[in-house]
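Since the structure comes first, as structure tokens, the remarks are kept for the end.
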Amino acid sequence: MAINATDRRIPVHVFGGPTALIEYGGLRFLTDPTFDAPGDYPVPGGPLLVKTAHPSITPAELGRVDVVLLSHDEHSDNLDHSGRALLADVPVTLTTPGGAGRLGGTARGLAPWESIELDRPGGGTVTVTGAPALHGPEELGAEGVKAVTGEVVGFVLTAADLPTVYVSGDNASLTLVEQIAERFGPVDTAVLFAGAPRLPIFDGALLVLDSAMAVEAARILGARRVVAVHCDGWAHFTEGRTEVVAAFTAAGMADRLQVD
């Protein structure tokens, strides 16, 4: 896939699961840190989550992390033991308001559409805006989903001299993607959590985007580049990178996709 000059201004490195490093405006943003070895993770009142693969990097190999963008803290496939330990060394973790209260330390909550400005090393600022997300089927309504899977947030990164980056977090609602596109579209780079995870809760309905929905999200956002994450490493992900590539290829959008 050809990468043009605008892409090079926004390096995105994918490490497995939902974890990626975004270099934006001189700052290094890490999404949902998960660095543990494969193993089982009990969920209070819920099913067992099974991690099946190692990440491609260790926390010690990451280098500097300025900001963690944490979609939510309550599920181990978004924040595992090693990821939680890493937060103590990061200047700021942006997450849900409830998650910030549970994590303490340098965690700060962002409600949907709330923004924070971060100073850039070379001067100027990057604005991070909380994007609404729904971790389950939207036909049940926001409150019904939140009562089971909790509060989730995505993120939009903007700066005066840089194209827009959207990080979906664990979101399964294209209606919310439409709202984000109305405010921020077209988006240059969309980091989409996919993988079609399913569990017995919600009768096996999707908890995050599947491949077809990721294609539609890219269309809605007008995304010139899509980085697929959250589509490997856990047993409850029912689709992987092969399905994501196939969906974007079938839609004639393979040239927009980055999967590693």
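Nothing in this text is a laboratory measurement; each read-out follows from the coordinates by a stated rule. Quantities reported herein were computed from a predicted structural model and do not represent experimental measurements. Positions of Cβ are backbone-derived with ideal geometry, glycine not excepted, and every protein chain shown enters the neighbour counts.
Would you mind ranking 164, 106, 249 by Cβ crowding within 10 Å, fewest neighbours first?
The order, fewest Cβ neighbours first, is 249, 106, 164.
Given [x] 34, 18, 16; [y] 24, 22, 19; [z] 41, 18, 16 as candidate values of semi-axes √(5λ) of the Cα gyration tensor in Å, which corresponds to the one derived from the coordinates?
Given [x] 34, 18, 16; [y] 24, 22, 19; [z] 41, 18, 16, the structure-derived one carries the label [y].
Test of understanding: in a Gaussian network model of the chain with alpha carbons linked when under 10 Å, which of 131, 218, 235 would top the mean-square fluctuation ranking?
Looking only at 131, 218, 235, the biggest GNM fluctuation is shown by 235.
Put one equal scatterer on each alpha carbon of the range 30-73, apply the Debye formula with no solvent term, and list log10 I(q)/I(0) at q = 0.15, 0.16, 0.28 1/Å to two decimals.
Taking Cα atoms of the range 30-73 as identical point scatterers yields -0.50, -0.56, -1.10.
To the nearest 500 deg cm²/dmol, what mean residue ellipticity at 222 nm is calculated for the chain from DSSP H runs of n ≥ 4 alone, each contributing -39,500 (n - 2.57), summed and divided by the residues?
My calculation for the chain gives -6000 deg cm²/dmol from helical runs alone.
How large is log10 I(q)/I(0) at q = 0.12, 0.18 Å⁻¹ when the Debye formula is applied to the Cα atoms of the range 60-166, each weighted equally and without solvent?
Debye output, listed in q order: -0.44, -0.93.
Which FRET efficiency value, to the nearest 0.05, is calculated for residue 235 and residue 58 with the Förster distance at 30 angstrom and r the Cβ-Cβ distance?
For residue 235 and residue 58, the calculated efficiency is 0.85.
Can you give the % of DSSP beta bridges in the chain that are antiparallel, to the nearest 5?
In the chain, approximately 60 percent of DSSP beta bridges are antiparallel ones.
Express in % the proportion of alpha carbon pairs of the range 138-203 at distances exceeding 15 Å.
Roughly 58 percent, rounded to a whole number.
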